[in-house]
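Readers should treat all values here as calculations from the given coordinates under stated rules, not as data from a laboratory. Source: prediction; values computed, not measured. As a convention, Cβ positions derive from the backbone with ideal geometry for all residues, glycine included, and neighbour counts pool all protein chains shown.
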Amino acid sequence: MSRQILHALKQSTTFVSGTALSRACGITRAAVWKRIKALRKKGFIIEAASSRGYRLVSAPDLSEEEIRAGLQGRLWKRVVLEGSVDSTNTCASSMIAAQMPASGTVIVADRQTGGRGRLGRRWISPGGVNVYMSMILRPEIEPRHAPFLTMLAAVAAASAVSRVSGLDVQLKWPNDLMVRGKKVGGILTEVRSEPDRITSAIIGIGINVNMAAGDFPDEISETATSLFIAGGRHHSRSRIISEVLNDVEYTYREFLQKGRGYLLQQWRHRNCTLGRKVKVVTGNETVKGLAMDIDGDGMLIVRMAGGSTKKISAGDVTFLR
Ligand code: BTN
């Protein structure tokens, strides 16, 4: 109901009367007033004038209402916004263990106290500035194709963030979102599966949105960036989240219909890895050479000095001069 009130207020540049709102939403004027108070509590600034009605002055930069209002498709059934959590991926995992939430559930948090990155690293997650979101899906694909869910999220997030920010967001293999050579976001996918099928997938996305340069810890200050640092503008986190969800939905449907080839093509189109001299640190070795391509399974093909090639399934890429 609050969503309908918000929608009606947004449609108008001036005041909307209580009567008009009560008609539009099919509720009493007293109920409209109750909803306005609830929206104000969530950070919406709504002016009320006795003879004229209500006017939306400003919206908070992160709210469930704004995220939902920006959604275009039908995939996302439920959006849960939390203030502070350890990790949205861990939250999603506990939800799955407790109640098997619907495919299409999204958990968003303002802040994470134990944000997790790939390879057991921590993900810096201060409150009030960035996007931390985890999507629960139940795709009918084989467990060995799980890396394509990461690729799907990376392609979709890069396209949504590029569109909203106007920045050129590129992909570094396997899952880094890069702006001007620095990391602006990453994906952490965790799946549960039976031998022949994935039973649930949690796709976590972290994007540095409004973080300032001095906010990064020393160890990543040279390699990480935010949309604000790169583009000089603050962004609404709700808008970024709904646009990412819209693009994930579109890309997910295309992937289910057209297959892995479609994703590989989209990833290649946005990548900044292929054709570069790289150092790849994997669990047990370091490989140096020319990043040639990714194969049909998403593995990175590197040609080494002697001319032989190596396929790598997981690792950390650094660019060499
Ligand atoms: C990486 O590049 O190392 C992956 C980073 C993934 C971070 C996101 S933030 C939302 C979700 N919750 C987590 O704890 N991690 C992912």
Practice item. Let me have the relative contact order for the chain, percent, based on Cα pairs under 8 Å that are six or more residues apart. Key: 13
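Using R₀ = 22 Å, calculate the FRET efficiency as 1/(1 + (r/R₀)^6) where r is the Cβ-Cβ separation of Met292 and Arg321; round to 0.05.
Values: r = 18 Å, r/R0 = 0.83.
FRET efficiency, Met292 to Arg321: 0.75.
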Check your understanding: Which value in Å does the Kirkwood hydrodynamic radius of the range 1-109 take, with 1/r averaged over all unlike C-alpha pairs and then inverted?
Key -> 15.5
Exercise for review: Would you kindly state how much longer the chain becomes between Arg276 and Ala49 on full extension, computed as 0.36 nm times their sequence separation minus their alpha carbon distance, in nm to one decimal?
Suggested key: 75.6 nm
Revision key, fill the gap. Note: the range 191-243, point scatterers on Cα, Debye, no solvent; log10 I/I(0) at q = 0.13, 0.17, 0.29, 0.31 Å⁻¹ equals -0.51, -0.66, -1.13, -1.19
Point to revise | Dipole moment magnitude, nearest 20 debye, the range 246-321 about Cα centre, only Lys, Arg, Asp, Glu C-beta charged | key: 380
Practice item. Step through the residues of the range 25-38 one at a time and calculate ³J(HN,Hα) from phi using the Karplus curve (6.51 cos²θ - 1.76 cosθ + 1.60, θ = phi - 60°), rounding each to whole Hz and writing x for Gly and Pro. Key: 9, x, 9, 6, 5, 5, 5, 4, 4, 4, 5, 4, 5, 5
**Study point:** Nonlocal amide H pairs with Leu167, under 5 Å, H built at 1.01 Å
**Key:** none
**Study point:** Residues of the range 171-201 with amide N under 20 Å of a point placed 7 Å along Cα→Cβ from Leu119
**Key:** 171-179, 181-191
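Normalized C-alpha radius of gyration of the range 227-280, against 2.2 N^0.38 Å?
That works out to 1.53 for the range 227-280.
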Study note, to complete from the structure: Under the rule rounded for a/c under 1.5, else prolate if a/b exceeds b/c, else oblate, using alpha carbon gyration tensor axes a ≥ b ≥ c, the range 247-305 is classed as prolate
Revision key, fill the gap. Once phi for every residue in the range 237-251 is put through the Karplus expression 6.51 cos²θ - 1.76 cosθ + 1.60 (θ = phi - 60°), the whole-Hz ³J(HN,Hα) values, with Gly and Pro written as x, are 5, 4, 5, 4, 5, 5, 5, 4, 5, 4, 6, 5, 4, 4, 5
Check your understanding: Given only helices, namely DSSP H runs of n ≥ 4 each adding -39500 (n - 2.57), what is the per-residue ellipticity at 222 nm of the chain, to the nearest 500 deg cm²/dmol?
Key -> -10000 deg cm²/dmol
**Study point:** Dipole-positive endmost among Thr13, Leu152, Gly104 within the chain (Cβ charges, Cα centre)
**Key:** Thr13
Point to revise | nm² value of the averaged projected area, convex hull over the Cα atoms of the range 26-170 | key: 12.1
Exercise for review: Pull out a ≥ b ≥ c, the square roots of the eigenvalues of the alpha-carbon gyration tensor of the range 41-88, then state rounded if a/c is under 1.5, prolate if not and a/b is larger than b/c, and oblate in the remaining case.
Suggested key: oblate
Study note, to complete from the structure: Dipole check, the chain, charges on Cβ (K,R +1; D,E -1), about Cα centroid: among Thr318, Ile187, Ala213 the Cα furthest to the positive pole belongs to Ala213
Check your understanding: For the chain, with equal point scatterers placed on the C-alpha atoms only and solvent neglected, what are the log10 I(q)/I(0) values from the Debye formula at q = 0.07 1/Å, to two decimals?
Key -> -0.32
Study note, to complete from the structure: Asp196 and Ala20 label points (each 7 Å along its Cα→Cβ direction) are spaced in nm at 5.9
Review point. Taking a threshold of 18 Å on the Cα-Cα distance, which of the pairs Lys279/Lys310; Lys10/Lys42; Lys37/Lys77; Lys183/Lys288; Lys288/Lys311; Lys279/Lys311 fall above it?
Key: Lys37/Lys77; Lys183/Lys288
Point to revise | Per-residue Cβ neighbour rank within 10 angstrom, fewest leading, Glu243, Glu219, Glu254 | key: Glu219, Glu254, Glu243
Check your understanding: Leaving out same-chain residues fewer than 8 places away, which aspartates and glutamates sit with a Cα under 16 Å from that of Lys182?
Key -> Asp168, Asp215, Asp218, Glu219, Glu222, Asp316
Study note, to complete from the structure: Placing one equal point scatterer on each C-alpha of the range 139-293 and summing with Debye, one gets log10 I(q)/I(0) at q = 0.08, 0.10, 0.16, 0.21 Å⁻¹ equal to -0.24, -0.38, -0.96, -1.39
Review point. Rounded if a/c is under 1.5, else prolate if a/b beats b/c, else oblate: with a ≥ b ≥ c from the C-alpha gyration tensor eigenvalues square-rooted, which is the range 207-312?
Key: oblate
Check your understanding: How far, in degrees from 0 to 90, does helix 2-11 lean away from the longest principal axis of the Cα atoms of the chain, to the nearest 10?
Key -> 90
Review point. Counting Lys and Arg as +1 and Asp and Glu as -1, what is the net charge of the other residues whose Cβ lies under 12 Å from the Cβ of Gln266?
Key: +2
